[in-house]
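The structure under discussion appears below in the form of structure tokens.
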Amino acid sequence: MSPTLVAALEKQANHEMLAAQAYLAMAYWCDVRHHGGFAQFFHEQAAEERGHAGKILQHLADRDVVPAIGALPLRPRPSST
């Protein structure tokens, strides 16, 4: 597998994982505010995005490529004022 293709697949997998984290954050925001239906929806979306990333990463592993998984960026917690 070409290095260019590997890099593109790793980049996409990282985008999928970042999307999963965003959905997870929205799910818990909804949980805290007692919006159960929205929370459930966002939990399902987070799982779907993790599934996408997993398929891409497994595709690489099945071809004897150890995928580079990037760190997710940390964002400062907004002030509560």
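Coordinate-derived values only; no laboratory data. Just so it is clear, the structure is predicted and the values come from calculations on it, not from any experiment. Because the Cβ atoms are built from the backbone with ideal geometry, glycine has one as well, and the counts that use them run over all protein chains shown.
Pick the calculated Rg and Dmax of the Cα atoms in Å for this structure from [x] 15.6, 51; [y] 11.1, 32; [z] 12.5, 42?
Here the calculated entry is [x].
R0 = 30 Å: FRET efficiency of ALA71 with GLU44, Cβ-based, nearest 0.05?
That gives a FRET efficiency of 0.75.
So what's the back-of-envelope 222 nm ellipticity for the chain, counting only DSSP H runs of four-plus at -39500 (n - 2.57) apiece and dividing by all residues, rounded to 500?
-25500 deg cm²/dmol, from helical runs alone.
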